[in-house]
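Take a look at the structure below.
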Amino acid sequence: MSIERVTLRPVAEDDLPAMERFLMEPRTAEPFQWFGWWDLRRWRRQWAETGLITEDSGQLMVVRDDERLGFVAWRKIVSSRTTHYWNMGIALLPEARGKGVGTEAQRQLVRYLFAHTHVMRIEADTESDNIAEQRALEKAGFTREGVLRSVVFRDGRWRDGVRYSILRDDIDADASRG
């Protein structure tokens, strides 16, 4: 799979079945994103209302040519009366995992958010056992900040998470190095 042709684009209505696989097929969302069945039509409702992009959050499809590989998402985190930053995530279909797609898609989302919003910080969280996502975030330029103890309840037990961040200055420093 060529990661050079991996791109992000707005979600179209005919993309919704691919996204809904994460809501309806446990094997698609496993091992780290299956939280049981709930609100199976939420993306359809939100797409009809907003196209899945608002001032406070958004989702973009990860594609290669006409092939849907998954999606990236972001949401606003308000840290003070005058300040916010983004928390982002990714969900890849099983057939797209382990091929560098996640790293490339997350790099592209970081560039997009820094280019089109004024935030200084973007963060991402993953479960402490999700080593592949931790590697992808590190390859995308994120810095590990620490462990969040018992932050996610999934599959009958509490699980630790790991927080990563990337700052606008990190991207600027990389660009100036050449």
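Quick notes on this one:
- Cβ charges +1 (Lys, Arg) and -1 (Asp, Glu), total dipole of the chain, debye: 300
- The chain, helix-only ellipticity at 222 nm - DSSP H runs n ≥ 4, -39,500 (n - 2.57), divided by all residues, nearest 500: -9000 deg cm²/dmol
- Computed from the Kirkwood radius of its Cα pairs, the Stokes-Einstein diffusion coefficient for segment 49-108 at 25 °C and 0.890 mPa s stands at 193 µm²/s.
- Hypothetical label at residue 155: residues of segment 33-56 whose amide nitrogen lies under 17 Å (7 Å Cα-Cβ projection): 33-37
- For segment 150-160, backbone phi angles converted through the Karplus equation (6.51, -1.76, 1.60; θ = phi - 60°) give residue-by-residue couplings of 6, 9, 10, 9, 8, 6, x, 8, 7, 10, 7 Hz, Gly and Pro being listed as x.
- Rounded accessible area per residue of the chain, 1.4 Å, Å²: 57
- Share, in percent, of DSSP beta bridges within the chain that are antiparallel, nearest 5: 95
- Gap separating the Cα centres of segment 50-95 and segment 1-28, nearest whole Å: 12
- In sequence order, calculated HN-Hα J values of segment 103-112 (Karplus, 6.51, -1.76, 1.60; Hz; x Gly/Pro): 4, 5, 5, 5, 4, 5, 5, 4, 4, 4
- Between residue 56 and residue 27, the FRET efficiency from the beta-carbon distance, with R0 = 25 Å, is close to 0.20.
- As an equivalent ellipsoid, segment 71-156 spans semi-axes of 22, 18, 11 angstrom, where each value is the square root of five times an eigenvalue of the C-alpha gyration tensor, largest first.
- Relative protection proxy for 96-104, 38-46, from highest mean packing down: 96-104, 38-46 (other beta-carbon atoms within 10 angstrom).
- Heavy-atom surface analysis with a 1.4 Å probe gives segment 1-128 a carbon and sulfur content of 51 percent of its accessible area.
- Pair-distance profile P(r), taking every C-alpha pair of segment 108-178, with 5 angstrom steps and integer %: 4, 15, 24, 20, 16, 11, 6, 3, 1, 0
- Rounded to the nearest Hz, the phi-derived 3J(HN,Hα) couplings of segment 113-129 under the Karplus curve 6.51 cos²θ - 1.76 cosθ + 1.60 (θ = phi - 60°) are 5, 5, 6, 10, 9, 8, 5, 9, 10, 10, 10, 9, 10, 8, 5, 5, 7, where x marks glycine and proline.
- Amide H contacts under 5 Å for residue 128, placed H, 5+ residues apart: 160, 161, 162
- Size of electric dipole in segment 69-149: Cβ of Lys, Arg +1 and of Asp, Glu -1, about Cα centre, debye, nearest 20: 280
- When only Cα pairs below 8 angstrom with a gap of at least 6 residues are kept, the chain shows a relative contact order of 18 percent.
- D_trans [Stokes-Einstein, Kirkwood Rh over alpha-carbon pairs] for segment 22-141, 20 °C, 1.002 mPa s, µm² s⁻¹: 139
- Amide H contacts under 5 Å for residue 62: 69, 70, 71, 72, restricted to partners 5 or more places along the chain or on a different chain, H placed in the peptide plane at 1.01 Å from N.
- Quick note on segment 16-85: its Rg to Rh ratio, both from C-alpha atoms and Rh being the Kirkwood radius, is 1.03.
The values are calculated or read from the model by the stated rules, or taken from the named source; none is laboratory data. Keep in mind the model is a prediction, meaning the values are calculated, not measured. Ideal geometry is used to build each Cβ from the backbone, glycine not excepted, and the neighbour counts take in all protein chains shown. The protein model used for the area step is the full one, side chains on, heavy atoms only, and it has no ligands, DNA or RNA in it. Shrake-Rupley method; radii C 1.70, N 1.55, O 1.52, S 1.80 Å.
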